Amino acid sequence: MTRKDLARLQRWFSHHVAGYHTNEPGYDFVIRLKEQHTKRVCRIIKMLCRKLDLTEQEIILAETMALLHDIGRFKQYEIYGTFNDRSSQNHATIGLQLISEYNLLSAYTIDEKNLITKAIAFHNVGKLPEDEDGKTLFYMRLLRDADKLDILEIMTDYYRSRGKQAKAALQIGLPDDSTCSTKVLNALQEHRMAEFEDLETLCDLKLFHISWVYDLNFIPSFQTVQHKGYIDRIEKTLPFDQKIIDSVNDARNHVIALLRASGKAPISR
């Protein structure tokens, strides 16, 4: 596994995604959205790796996971017209099928292939398996953090601007309702990540993204959440309800407490 191997995959990725463009503005906008997301996740995971003092080989491995983690999204949208795994097919499963079909990891060792495919397989699940070894869990968590950080950026901007073109894709079919489900609120009150399956409204989706702070794993990830002000920015778009206010405050305090405990004092905003 070398930089040349990664560069080859990057070229394949660009060529593969180009094949999904149709010259229909709305459709191509959504394809570009996921293409740009992948490229940003690659940059974010590289940033996390450097802050965690990983070696060059470890960084290449992590970047490969990031590059291929959402490769199934394009085929998913082509077939089903949605990014909602519940109403279509698990995009990670589609991605792993494509990786196998195109033999994308031929230059990687068996151990490297296992790490990459397992990280991709579990990047979008509610809970990680408990029976994996430490190294595998490390890379799973690394990819999940990088993915979440970019989605938080995308969705935080969307919640504030509500761009029309991407509405259907980003809201994953959820109604624009200001009510929040009991199950989602309970998850935040219990200081855990909400379940995707429990989302019923756009308000639920916002709280779901805030609840991600309970599933982040690395101090640089918490630093990014605090520095970017994701919780504060999403909170401004939520309805005024005491249960919501308390739950959001708990999530914010969770980030602050972890940063203080790590010796990384929160940045004033």
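The values are calculated or read from the model by the stated rules, or taken from the named source; none is laboratory data. Note that the coordinates shown come from a computational prediction; the quantities given were computed from them, not determined experimentally. Virtual Cβ from ideal backbone geometry, glycine too; neighbours counted across all protein chains shown. Areas reflect the complete protein model, heavy atoms only, side chains present, ligands, DNA and RNA absent. Shrake-Rupley method; radii C 1.70, N 1.55, O 1.52, S 1.80 Å.
Here's a check for you: in the stretch 100-145, which residue that is among the charged types (D, E, K, R), under 20 Å from the mean Cα position of the chain (by Cα) and closer than 24 Å to Ala187 by Cα is most open to solvent (accessible area, probe 1.4 Å)?
The residue in question is Lys127.
So, in the stretch 19-39, exactly how many residues are open to solvent by 60 Å² or more (accessible area, probe 1.4 Å) and closer than 21 Å to Tyr102 by Cβ?
Number of matching residues: 3.
Just to be sure I understand the filter: pairs with C-beta atoms under 7 Å, separated by 6 or more residues or on different chains, first member in the stretch 19-38 and of a type in the set (D, E, K, R), second member open to solvent by 20 Å² or more (accessible area, probe 1.4 Å). Which pairs pass?
Asp28/His21; Asp28/Thr22; Lys34/Arg73
Going by the structure shown, is Leu152 in a loop (DSSP other than H, G, I, E, B), modelled with pLDDT of 95 or more and either closer than 30 Å to Leu52 by Cα or of a type in the set (Asp, Glu) (or both)?
Criteria not met by Leu152.
Within the group Asp250, Asp232, which residue is touching a residue at least 60 places away in the same chain (Cβ under 8 Å), open to solvent by 40 Å² or more (accessible area, probe 1.4 Å) and either among the β-branched types (Val, Ile, Thr) or part of a helix (DSSP H, G or I) (or both)?
None of the others qualify; the one that does is Asp250.
What is the one condition in (1) modelled with pLDDT under 95; (2) surrounded by fewer than 20 Cβ atoms within 10 Å (Cβ to Cβ) that Leu199 does not satisfy?
Result: Leu199 fails condition (2) only.
Check off (1) without any contact (Cβ under 8 Å) to a residue 24 or more places away in the chain; (2) farther than 30 Å from Pro239 by Cβ for Tyr139 and give me the number that stays unchecked.
Failed condition: (1).
Within the stretch 1-17, count every residue that is at pLDDT 95 or above and open to solvent by 60 Å² or more (accessible area, probe 1.4 Å).
Qualifying residue count for the region: 4.
Looking for something of a type in the set (Asp, Glu) and touching a Ser or Thr at 6+ places or on another chain (Cβ under 8 Å) - is there at least one such residue anywhere in the stretch 6-25?
No.
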